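Worksheet for the structure shown next.
The values are calculated or read from the model by the stated rules, or taken from the named source; none is laboratory data. This one's a predicted model, so the numbers in the text were calculated from it and none came from an experiment. In this analysis, Cβ positions are derived from the backbone assuming ideal geometry, glycine residues included, and neighbour counts consider all displayed protein chains.
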Amino acid sequence: MITVLSISSIVSEIAGALWGWPMVILLLGTHVFLTIRLKFPQRKIFKAIKLSFTKDENSTGDVSQFAALATSLAATIGTGNIIGVATAISLGGPGAVFWCWLTGVFGIATKYSEGLLAVKYRVKTEDGTMLGGPMYALERGLKSKWLAVLFCIFPVCASFGIGNMVQANSISMMMEKTMHLSPQISGLIMSVLVALVILFGVKGIAKVCSFLVPFMALFYIIGCFIILGINFEYLGESLRLIIHSAFNPMAAGGGFAGATVMAACRFGISRGLFSNESGLGSAPIVAAAAQTRNPVRQALVSSTGTFWDTVVVCAITGLVLVSSVVAPNGIDASHGAGLTEAAFSVIPVFGPLVMSVGLLTFAFSTILGWSYYGERCMEYLGGKKVIKFYRLVWIVAVYIGAVVNLQLVWDFADMMNALMALPNLIVLLALSGVIARESKKYLSGNHIDDYATDDDLE
(Lines give C-alpha, C1' and ligand atoms only; values in the text may rest on other atoms or scores of the structure.)
Protein backbone atom coordinates (compact mmCIF):
# COMPACT_ATOMS: atom_id res chain seq x y z
CA MET A 1 0.00 0.00 0.00
CA ILE A 2 1.26 3.45 -0.93
CA THR A 3 1.36 5.66 2.15
CA VAL A 4 1.67 9.43 2.51
CA LEU A 5 5.21 8.85 3.78
CA SER A 6 6.20 6.87 0.68
CA ILE A 7 4.61 9.47 -1.63
CA SER A 8 6.50 12.20 0.21
CA SER A 9 9.73 10.23 -0.18
CA ILE A 10 9.15 9.74 -3.92
CA VAL A 11 8.31 13.41 -4.50
CA SER A 12 11.36 14.46 -2.48
CA GLU A 13 13.59 12.19 -4.59
CA ILE A 14 12.19 13.61 -7.85
CA ALA A 15 12.53 17.21 -6.62
CA GLY A 16 16.11 16.54 -5.54
CA ALA A 17 16.94 15.03 -8.92
CA LEU A 18 15.34 17.91 -10.84
CA TRP A 19 17.27 20.47 -8.82
CA GLY A 20 20.53 18.54 -9.20
CA TRP A 21 23.43 19.31 -11.49
CA PRO A 22 21.47 19.09 -14.79
CA MET A 23 19.12 21.94 -13.77
CA VAL A 24 21.99 23.95 -12.27
CA ILE A 25 23.97 23.62 -15.51
CA LEU A 26 20.91 24.39 -17.67
CA LEU A 27 19.94 27.54 -15.75
CA LEU A 28 23.47 28.87 -15.28
CA GLY A 29 24.34 27.97 -18.86
CA THR A 30 21.35 30.01 -20.07
CA HIS A 31 22.45 32.94 -17.90
CA VAL A 32 25.96 32.86 -19.41
CA PHE A 33 24.73 32.30 -22.98
CA LEU A 34 22.31 35.25 -22.85
CA THR A 35 24.93 37.44 -21.21
CA ILE A 36 27.31 36.83 -24.13
CA ARG A 37 24.60 36.88 -26.84
CA LEU A 38 23.25 40.24 -25.59
CA LYS A 39 26.73 41.70 -25.09
CA PHE A 40 26.53 41.99 -21.31
CA PRO A 41 23.27 43.83 -20.56
CA GLN A 42 24.57 43.99 -16.95
CA ARG A 43 26.53 47.07 -18.02
CA LYS A 44 23.21 48.96 -18.21
CA ILE A 45 22.23 48.19 -14.61
CA PHE A 46 22.52 51.78 -13.33
CA LYS A 47 20.43 53.03 -16.27
CA ALA A 48 17.94 50.27 -15.42
CA ILE A 49 17.76 51.33 -11.76
CA LYS A 50 17.04 54.93 -12.83
CA LEU A 51 14.28 53.75 -15.19
CA SER A 52 12.66 51.66 -12.45
CA PHE A 53 11.90 54.86 -10.54
CA THR A 54 10.69 56.72 -13.65
CA LYS A 55 6.94 56.64 -14.27
CA ASP A 56 5.97 56.07 -17.89
CA GLU A 57 2.49 57.57 -17.65
CA ASN A 58 1.78 57.89 -21.37
CA SER A 59 2.38 54.22 -22.03
CA THR A 60 0.07 51.21 -22.17
CA GLY A 61 -0.11 49.00 -19.11
CA ASP A 62 -1.97 48.30 -15.87
CA VAL A 63 0.60 49.37 -13.25
CA SER A 64 3.76 51.45 -13.14
CA GLN A 65 7.14 49.93 -13.90
CA PHE A 66 8.11 50.30 -10.24
CA ALA A 67 4.90 48.60 -9.09
CA ALA A 68 5.54 45.67 -11.45
CA LEU A 69 9.11 45.42 -10.18
CA ALA A 70 7.97 45.63 -6.54
CA THR A 71 5.46 42.82 -7.11
CA SER A 72 8.10 40.55 -8.65
CA LEU A 73 10.54 41.40 -5.85
CA ALA A 74 7.83 40.67 -3.32
CA ALA A 75 7.70 37.13 -4.68
CA THR A 76 11.49 36.67 -4.87
CA ILE A 77 12.98 38.51 -1.87
CA GLY A 78 12.00 36.23 0.94
CA THR A 79 13.04 33.29 2.98
CA GLY A 80 15.48 32.27 0.21
CA ASN A 81 17.56 35.35 0.99
CA ILE A 82 17.48 34.85 4.75
CA ILE A 83 17.43 31.08 5.12
CA GLY A 84 18.70 29.96 1.70
CA VAL A 85 22.06 31.71 2.01
CA ALA A 86 22.48 30.33 5.54
CA THR A 87 21.83 26.79 4.27
CA ALA A 88 24.29 27.28 1.40
CA ILE A 89 27.06 28.38 3.79
CA SER A 90 26.31 25.56 6.20
CA LEU A 91 26.53 22.92 3.45
CA GLY A 92 29.05 24.46 1.06
CA GLY A 93 31.20 26.67 3.28
CA PRO A 94 31.85 30.42 2.85
CA GLY A 95 32.78 29.93 -0.82
CA ALA A 96 29.09 29.34 -1.54
CA VAL A 97 28.52 33.09 -1.06
CA PHE A 98 30.78 33.89 -4.03
CA TRP A 99 29.03 31.42 -6.33
CA CYS A 100 25.62 32.65 -5.19
CA TRP A 101 26.66 36.23 -5.99
CA LEU A 102 28.13 35.27 -9.38
CA THR A 103 24.89 33.50 -10.28
CA GLY A 104 23.03 36.73 -9.60
CA VAL A 105 25.38 38.72 -11.82
CA PHE A 106 24.81 36.42 -14.81
CA GLY A 107 21.12 35.98 -13.94
CA ILE A 108 20.54 39.67 -14.69
CA ALA A 109 20.73 38.84 -18.42
CA THR A 110 18.06 36.15 -18.13
CA LYS A 111 15.70 38.32 -16.09
CA TYR A 112 16.23 41.07 -18.72
CA SER A 113 15.33 38.63 -21.51
CA GLU A 114 12.21 37.40 -19.72
CA GLY A 115 10.94 40.96 -19.27
CA LEU A 116 11.53 41.80 -22.93
CA LEU A 117 9.60 38.81 -24.26
CA ALA A 118 6.81 39.41 -21.74
CA VAL A 119 6.09 42.89 -23.14
CA LYS A 120 6.75 42.07 -26.79
CA TYR A 121 4.24 39.21 -26.87
CA ARG A 122 1.67 40.46 -24.36
CA VAL A 123 -1.98 40.84 -25.34
CA LYS A 124 -4.69 43.31 -24.42
CA THR A 125 -8.05 41.94 -23.32
CA GLU A 126 -11.44 43.47 -24.10
CA ASP A 127 -11.49 45.25 -20.74
CA GLY A 128 -8.02 46.73 -21.32
CA THR A 129 -6.05 44.37 -19.07
CA MET A 130 -2.53 43.51 -20.25
CA LEU A 131 -1.64 39.81 -20.13
CA GLY A 132 1.77 38.32 -20.82
CA GLY A 133 4.50 35.97 -19.70
CA PRO A 134 6.21 32.85 -21.00
CA MET A 135 2.89 31.26 -22.05
CA TYR A 136 2.19 34.10 -24.50
CA ALA A 137 5.79 34.10 -25.76
CA LEU A 138 5.52 30.34 -26.31
CA GLU A 139 2.18 30.65 -28.10
CA ARG A 140 2.77 33.81 -30.15
CA GLY A 141 6.53 33.81 -30.57
CA LEU A 142 7.34 30.11 -30.74
CA LYS A 143 3.91 28.99 -32.07
CA SER A 144 3.75 26.26 -29.46
CA LYS A 145 0.37 26.27 -27.75
CA TRP A 146 0.93 22.92 -26.01
CA LEU A 147 4.13 24.14 -24.35
CA ALA A 148 2.28 27.29 -23.26
CA VAL A 149 -0.44 25.19 -21.62
CA LEU A 150 2.18 22.96 -20.01
CA PHE A 151 4.01 25.97 -18.62
CA CYS A 152 0.82 27.36 -17.04
CA ILE A 153 0.01 24.10 -15.27
CA PHE A 154 3.33 24.05 -13.42
CA PRO A 155 3.18 27.59 -11.93
CA VAL A 156 -0.41 27.04 -10.78
CA CYS A 157 0.68 23.92 -8.90
CA ALA A 158 3.85 25.59 -7.60
CA SER A 159 2.00 28.71 -6.50
CA PHE A 160 -0.04 26.88 -3.88
CA GLY A 161 3.16 25.38 -2.48
CA ILE A 162 6.10 27.75 -2.42
CA GLY A 163 3.97 30.82 -3.01
CA ASN A 164 1.21 30.14 -0.52
CA MET A 165 1.08 27.33 2.03
CA VAL A 166 4.82 27.15 2.75
CA GLN A 167 4.92 30.91 3.38
CA ALA A 168 1.77 30.84 5.52
CA ASN A 169 3.28 28.01 7.55
CA SER A 170 6.47 30.03 8.13
CA ILE A 171 4.42 32.99 9.37
CA SER A 172 2.23 30.89 11.69
CA MET A 173 5.25 29.15 13.23
CA MET A 174 6.95 32.48 13.89
CA MET A 175 3.77 34.00 15.34
CA GLU A 176 3.43 31.00 17.65
CA LYS A 177 7.07 31.25 18.71
CA THR A 178 7.23 35.03 19.26
CA MET A 179 3.66 35.97 20.23
CA HIS A 180 2.27 32.60 21.39
CA LEU A 181 -0.51 32.94 18.83
CA SER A 182 -2.11 29.67 17.76
CA PRO A 183 -1.73 28.66 14.08
CA GLN A 184 -5.52 28.70 13.75
CA ILE A 185 -5.73 32.35 14.78
CA SER A 186 -2.75 33.51 12.71
CA GLY A 187 -4.05 31.51 9.74
CA LEU A 188 -7.43 33.25 9.99
CA ILE A 189 -5.82 36.69 10.25
CA MET A 190 -3.60 36.00 7.23
CA SER A 191 -6.52 34.71 5.15
CA VAL A 192 -8.50 37.90 5.82
CA LEU A 193 -5.53 40.17 5.03
CA VAL A 194 -4.72 38.29 1.81
CA ALA A 195 -8.39 38.41 0.76
CA LEU A 196 -8.52 42.18 1.29
CA VAL A 197 -5.58 42.60 -1.10
CA ILE A 198 -6.02 40.05 -3.90
CA LEU A 199 -9.73 40.75 -4.42
CA PHE A 200 -8.63 44.09 -5.91
CA GLY A 201 -6.53 42.32 -8.57
CA VAL A 202 -3.09 43.37 -9.81
CA LYS A 203 -3.54 47.03 -8.84
CA GLY A 204 -4.30 46.11 -5.23
CA ILE A 205 -1.40 43.64 -5.09
CA ALA A 206 0.99 46.12 -6.71
CA LYS A 207 -0.05 48.92 -4.35
CA VAL A 208 0.64 46.84 -1.23
CA CYS A 209 3.89 45.44 -2.64
CA SER A 210 5.09 48.93 -3.62
CA PHE A 211 4.85 49.85 0.06
CA LEU A 212 6.01 46.57 1.62
CA VAL A 213 9.04 45.80 -0.55
CA PRO A 214 11.04 49.02 0.06
CA PHE A 215 10.11 48.92 3.76
CA MET A 216 11.07 45.31 4.35
CA ALA A 217 14.27 45.49 2.29
CA LEU A 218 15.45 48.69 4.02
CA PHE A 219 14.58 47.33 7.47
CA TYR A 220 16.51 44.12 6.82
CA ILE A 221 19.54 45.85 5.25
CA ILE A 222 19.80 48.29 8.19
CA GLY A 223 20.00 45.28 10.51
CA CYS A 224 22.69 43.75 8.27
CA PHE A 225 24.78 46.92 8.30
CA ILE A 226 24.59 47.12 12.09
CA ILE A 227 26.03 43.60 12.29
CA LEU A 228 28.69 44.45 9.69
CA GLY A 229 29.59 47.45 11.83
CA ILE A 230 29.95 45.20 14.90
CA ASN A 231 32.10 42.77 12.87
CA PHE A 232 33.98 45.53 11.00
CA GLU A 233 37.51 44.38 11.84
CA TYR A 234 36.75 40.88 10.54
CA LEU A 235 35.27 41.91 7.16
CA GLY A 236 38.62 41.74 5.34
CA GLU A 237 39.26 38.22 6.60
CA SER A 238 35.68 37.23 5.73
CA LEU A 239 36.01 38.47 2.14
CA ARG A 240 39.33 36.66 1.76
CA LEU A 241 37.78 33.47 3.09
CA ILE A 242 34.77 33.73 0.77
CA ILE A 243 36.92 34.17 -2.34
CA HIS A 244 39.61 31.64 -1.31
CA SER A 245 37.19 28.84 -0.39
CA ALA A 246 35.25 29.38 -3.63
CA PHE A 247 38.24 27.92 -5.51
CA ASN A 248 40.01 25.87 -2.85
CA PRO A 249 38.84 23.02 -0.59
CA MET A 250 38.21 24.13 2.97
CA ALA A 251 39.29 22.19 6.00
CA ALA A 252 37.02 22.01 9.02
CA GLY A 253 37.73 24.67 11.63
CA GLY A 254 37.06 28.25 12.57
CA GLY A 255 33.36 27.50 13.02
CA PHE A 256 32.98 26.04 9.52
CA ALA A 257 32.68 22.40 8.49
CA GLY A 258 35.03 21.15 5.79
CA ALA A 259 33.73 21.69 2.25
CA THR A 260 34.95 20.91 -1.25
CA VAL A 261 35.04 23.40 -4.11
CA MET A 262 32.31 21.32 -5.75
CA ALA A 263 30.07 21.65 -2.68
CA ALA A 264 30.62 25.42 -2.50
CA CYS A 265 29.85 25.73 -6.20
CA ARG A 266 26.77 23.51 -6.14
CA PHE A 267 25.07 24.94 -3.08
CA GLY A 268 26.00 28.54 -3.87
CA ILE A 269 24.70 28.35 -7.45
CA SER A 270 21.55 26.40 -6.58
CA ARG A 271 20.60 28.81 -3.75
CA GLY A 272 21.29 31.79 -6.01
CA LEU A 273 19.15 30.36 -8.80
CA PHE A 274 16.35 29.51 -6.39
CA SER A 275 16.50 32.90 -4.68
CA ASN A 276 16.22 35.25 -7.67
CA GLU A 277 14.00 33.00 -9.87
CA SER A 278 15.80 34.12 -13.03
CA GLY A 279 14.85 31.59 -15.68
CA LEU A 280 11.85 30.14 -13.84
CA GLY A 281 9.37 32.29 -15.79
CA SER A 282 7.44 33.75 -12.86
CA ALA A 283 8.56 37.41 -12.86
CA PRO A 284 7.74 38.15 -16.54
CA ILE A 285 4.05 37.45 -15.81
CA VAL A 286 3.81 40.67 -13.82
CA ALA A 287 6.36 42.50 -16.00
CA ALA A 288 3.81 42.23 -18.83
CA ALA A 289 1.39 44.43 -16.84
CA ALA A 290 3.85 47.33 -16.62
CA GLN A 291 3.26 50.72 -18.21
CA THR A 292 6.16 50.90 -20.64
CA ARG A 293 6.75 52.45 -24.03
CA ASN A 294 8.87 49.61 -25.45
CA PRO A 295 9.91 46.05 -24.51
CA VAL A 296 13.56 46.89 -23.81
CA ARG A 297 12.66 49.61 -21.33
CA GLN A 298 10.74 47.14 -19.16
CA ALA A 299 13.41 44.49 -19.73
CA LEU A 300 15.95 46.78 -18.09
CA VAL A 301 13.62 47.45 -15.15
CA SER A 302 12.98 43.72 -14.73
CA SER A 303 16.71 43.00 -14.66
CA THR A 304 17.11 45.11 -11.52
CA GLY A 305 15.06 42.52 -9.64
CA THR A 306 17.91 40.00 -9.80
CA PHE A 307 20.42 42.74 -8.99
CA TRP A 308 18.64 43.72 -5.77
CA ASP A 309 17.68 40.19 -4.79
CA THR A 310 20.96 38.34 -5.23
CA VAL A 311 23.77 40.75 -6.09
CA VAL A 312 22.87 43.03 -3.17
CA VAL A 313 20.66 41.34 -0.54
CA CYS A 314 22.11 37.80 -0.77
CA ALA A 315 25.68 39.15 -0.87
CA ILE A 316 25.13 41.31 2.22
CA THR A 317 23.49 38.39 4.04
CA GLY A 318 26.43 36.14 3.14
CA LEU A 319 28.99 38.66 4.41
CA VAL A 320 27.00 39.09 7.64
CA LEU A 321 26.93 35.33 8.23
CA VAL A 322 30.59 34.64 7.40
CA SER A 323 31.85 37.57 9.50
CA SER A 324 29.64 36.42 12.39
CA VAL A 325 31.28 32.98 12.27
CA VAL A 326 34.82 34.36 11.84
CA ALA A 327 34.51 36.78 14.80
CA PRO A 328 35.91 35.59 18.17
CA ASN A 329 33.29 33.63 20.07
CA GLY A 330 31.30 33.71 16.85
CA ILE A 331 28.35 31.57 15.90
CA ASP A 332 28.64 27.99 14.67
CA ALA A 333 28.03 27.55 10.94
CA SER A 334 26.42 24.17 11.63
CA HIS A 335 23.24 26.04 12.69
CA GLY A 336 22.10 25.66 9.07
CA ALA A 337 18.79 27.40 8.45
CA GLY A 338 19.05 29.00 11.93
CA LEU A 339 22.39 30.63 11.11
CA THR A 340 20.86 33.99 10.18
CA GLU A 341 18.76 34.08 13.34
CA ALA A 342 21.90 33.35 15.40
CA ALA A 343 23.79 36.17 13.63
CA PHE A 344 21.05 38.72 14.29
CA SER A 345 20.80 37.73 17.95
CA VAL A 346 24.02 39.72 18.64
CA ILE A 347 21.90 42.88 18.39
CA PRO A 348 19.87 43.10 21.62
CA VAL A 349 16.10 43.45 21.04
CA PHE A 350 16.49 44.99 17.56
CA GLY A 351 18.13 41.91 16.03
CA PRO A 352 15.35 39.41 16.80
CA LEU A 353 12.82 42.10 15.82
CA VAL A 354 14.46 42.51 12.40
CA MET A 355 14.35 38.78 11.86
CA SER A 356 10.73 38.47 12.93
CA VAL A 357 9.45 41.47 10.97
CA GLY A 358 11.65 40.57 8.00
CA LEU A 359 10.41 37.00 7.74
CA LEU A 360 6.80 38.05 8.31
CA THR A 361 6.79 40.74 5.61
CA PHE A 362 8.90 38.70 3.19
CA ALA A 363 6.61 35.70 3.50
CA PHE A 364 3.37 37.73 3.30
CA SER A 365 4.51 39.65 0.22
CA THR A 366 5.51 36.37 -1.42
CA ILE A 367 1.93 35.13 -0.95
CA LEU A 368 0.66 38.26 -2.72
CA GLY A 369 3.14 38.10 -5.59
CA TRP A 370 2.60 34.44 -6.32
CA SER A 371 -1.18 34.84 -6.17
CA TYR A 372 -0.91 37.06 -9.24
CA TYR A 373 1.35 34.59 -11.07
CA GLY A 374 -1.04 31.72 -10.45
CA GLU A 375 -4.09 33.81 -11.31
CA ARG A 376 -2.73 34.83 -14.70
CA CYS A 377 -1.82 31.23 -15.52
CA MET A 378 -5.30 30.06 -14.50
CA GLU A 379 -6.83 32.76 -16.67
CA TYR A 380 -4.78 31.52 -19.64
CA LEU A 381 -6.01 27.97 -19.06
CA GLY A 382 -9.66 28.67 -18.25
CA GLY A 383 -10.51 32.30 -19.00
CA LYS A 384 -11.70 35.06 -16.68
CA LYS A 385 -14.52 32.91 -15.30
CA VAL A 386 -12.06 30.88 -13.20
CA ILE A 387 -10.38 33.87 -11.50
CA LYS A 388 -12.92 34.24 -8.67
CA PHE A 389 -12.75 30.51 -7.96
CA TYR A 390 -8.94 30.61 -7.93
CA ARG A 391 -8.87 33.55 -5.49
CA LEU A 392 -11.28 31.74 -3.16
CA VAL A 393 -9.17 28.57 -3.18
CA TRP A 394 -6.05 30.69 -2.66
CA ILE A 395 -7.50 32.31 0.47
CA VAL A 396 -8.52 28.93 1.88
CA ALA A 397 -5.07 27.51 1.10
CA VAL A 398 -3.46 30.26 3.21
CA TYR A 399 -5.36 28.99 6.24
CA ILE A 400 -4.56 25.34 5.49
CA GLY A 401 -0.88 26.18 5.11
CA ALA A 402 -0.85 27.88 8.50
CA VAL A 403 -2.15 24.85 10.41
CA VAL A 404 -0.67 21.72 8.75
CA ASN A 405 2.74 20.10 8.25
CA LEU A 406 3.96 20.87 4.75
CA GLN A 407 7.06 18.83 3.90
CA LEU A 408 5.22 17.07 1.06
CA VAL A 409 3.87 20.39 -0.24
CA TRP A 410 7.36 21.92 -0.12
CA ASP A 411 8.90 19.05 -2.09
CA PHE A 412 6.04 19.10 -4.62
CA ALA A 413 6.49 22.86 -5.09
CA ASP A 414 10.22 22.38 -5.65
CA MET A 415 9.41 19.83 -8.35
CA MET A 416 6.88 22.15 -10.06
CA ASN A 417 9.35 25.05 -9.94
CA ALA A 418 11.93 23.00 -11.79
CA LEU A 419 9.39 21.82 -14.38
CA MET A 420 8.07 25.35 -15.09
CA ALA A 421 11.62 26.47 -15.82
CA LEU A 422 12.01 24.03 -18.73
CA PRO A 423 9.49 25.53 -21.24
CA ASN A 424 10.57 29.02 -20.17
CA LEU A 425 14.23 28.25 -20.93
CA ILE A 426 13.20 26.75 -24.27
CA VAL A 427 11.48 29.97 -25.36
CA LEU A 428 14.35 32.14 -24.06
CA LEU A 429 16.93 30.19 -26.03
CA ALA A 430 14.77 29.76 -29.13
CA LEU A 431 13.90 33.48 -29.27
CA SER A 432 17.33 34.75 -28.21
CA GLY A 433 17.72 36.19 -31.72
CA VAL A 434 14.55 38.26 -31.23
CA ILE A 435 15.83 39.46 -27.85
CA ALA A 436 19.19 40.43 -29.37
CA ARG A 437 17.52 42.27 -32.27
CA GLU A 438 15.17 44.26 -30.02
CA SER A 439 18.03 45.09 -27.67
CA LYS A 440 20.19 46.39 -30.51
CA LYS A 441 17.31 48.51 -31.83
CA TYR A 442 16.63 50.36 -28.59
CA LEU A 443 19.99 50.32 -26.83
CA SER A 444 22.19 51.37 -29.75
CA GLY A 445 22.05 55.07 -30.54
CA ASN A 446 20.15 55.78 -27.29
CA HIS A 447 16.65 54.94 -28.54
CA ILE A 448 15.50 53.73 -25.13
CA ASP A 449 12.86 56.51 -24.94
CA ASP A 450 11.31 55.62 -28.32
CA TYR A 451 7.78 54.25 -28.43
CA ALA A 452 7.32 50.76 -29.84
CA THR A 453 5.49 50.40 -33.14
CA ASP A 454 2.84 47.79 -33.90
CA ASP A 455 5.51 45.76 -35.71
CA ASP A 456 7.57 45.63 -32.50
CA LEU A 457 4.68 44.20 -30.47
CA GLU A 458 3.51 40.97 -32.06
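Give the residues of region 165-192 that are of a type outside the set (Gly, Ala, Ser), in contact with a Pro (Cβ under 9 Å, 6 or more places away or on another chain) and surrounded by 19 or more Cβ atoms within 10 Å (Cβ to Cβ), sorted by residue number.
Matches in region 165-192: 169, 175.
Can you pull out every residue in region 186-227 that is of a type outside the set (S, T, N, Q) and more than 28 Å from residue 53 (Cα to Cα)?
If the condition is that a residue be of a type outside the set (S, T, N, Q) and more than 28 Å from residue 53 (Cα to Cα), then 187, 188, 189, 190, 192, 195, 227 are the ones that fit.
Return a yes/no flag: does region 169-189 have any residue that is at pLDDT below 90 and within 25 Å of residue 289 (Cα to Cα).
No; the residues of region 169-189 include none that is at pLDDT below 90 and within 25 Å of residue 289 (Cα to Cα).
Kindly indicate which of 233, 237 is out of contact with any helix residue (DSSP H, G or I) (no Cβ under 9 Å at 6 or more places or on another chain), charged (D, E, K, R) and either assigned to a helix (DSSP H, G or I) or without any contact (Cβ under 8 Å) to a residue 24 or more places away in the chain (or both).
After applying the criteria, what remains is 233.
Spot the failing condition for residue 332; the list is (1) at pLDDT below 80; (2) acidic (Asp, Glu); (3) within 21 Å of the chain's Cα centre (by Cα), and only one is missed.
(3)
Out of (1) in contact with a Leu (Cβ under 8 Å, 6 or more places away or on another chain); (2) modelled with pLDDT under 85, what's the single condition that is false for residue 350?
(1)
Quick test for you: out of 398, 427, 386, pick the one residue that is modelled with pLDDT of 85 or more, surrounded by fewer than 22 Cβ atoms within 10 Å (Cβ to Cβ), in contact with a helix residue (DSSP H, G or I) (Cβ under 6 Å, 6 or more places away or on another chain) and assigned to a helix (DSSP H, G or I).
Just a single option satisfies the conditions, and that option is 386.
Out of the residues in region 277-329 that are surrounded by fewer than 24 Cβ atoms within 10 Å (Cβ to Cβ) and polar (S, T, N, Q), which is farthest from the chain's Cα centre (by Cα)?
Selected residue: 329.
Any idea how many residues of region 71-106 are of a type in the set (A, V, I, L, M) and modelled with pLDDT of 85 or more?
Summing the residues that are of a type in the set (A, V, I, L, M) and modelled with pLDDT of 85 or more in region 71-106 gives 4.
Yes or no, residue by residue, for (1) among the small types (Gly, Ala, Ser); (2) in contact with a Leu (Cβ under 8 Å, 6 or more places away or on another chain):
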residue: 276; (1), (2): no, no
residue: 293; (1), (2): no, no
residue: 327; (1), (2): yes, no
residue: 331; (1), (2): no, yes
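Tally time: how many residues in region 330-387 are under 29 Å from residue 63 (Cβ atoms) and among the small types (Gly, Ala, Ser)?
8
Residues to consider are 281, 318, 358, 305; find the one that is farther than 30 Å from residue 391 by Cβ and not β-branched (Val, Ile, Thr).
318 is the lone residue from the list that is farther than 30 Å from residue 391 by Cβ and not β-branched (Val, Ile, Thr).
Please find, within region 269-318, the residue that is modelled with the lowest pLDDT out of those that are part of a loop (DSSP other than H, G, I, E, B) and among the hydrophobic types (A, V, I, L, M, F, W, C).
If we take residues in region 269-318 being part of a loop (DSSP other than H, G, I, E, B) and among the hydrophobic types (A, V, I, L, M, F, W, C), then 280 is modelled with the lowest pLDDT.
I'm checking my understanding of the structure. Among residues of region 113-164 that are assigned to a helix (DSSP H, G or I) and in contact with a Lys or Arg (Cβ under 7 Å, 6 or more places away or on another chain), which one is surrounded by the most Cβ atoms within 10 Å (Cβ to Cβ)?
136
Can you confirm whether residue 144 is over 26 Å from residue 117 (Cα atoms) and of a type in the set (Gly, Ala, Ser)?
The answer is no for residue 144.
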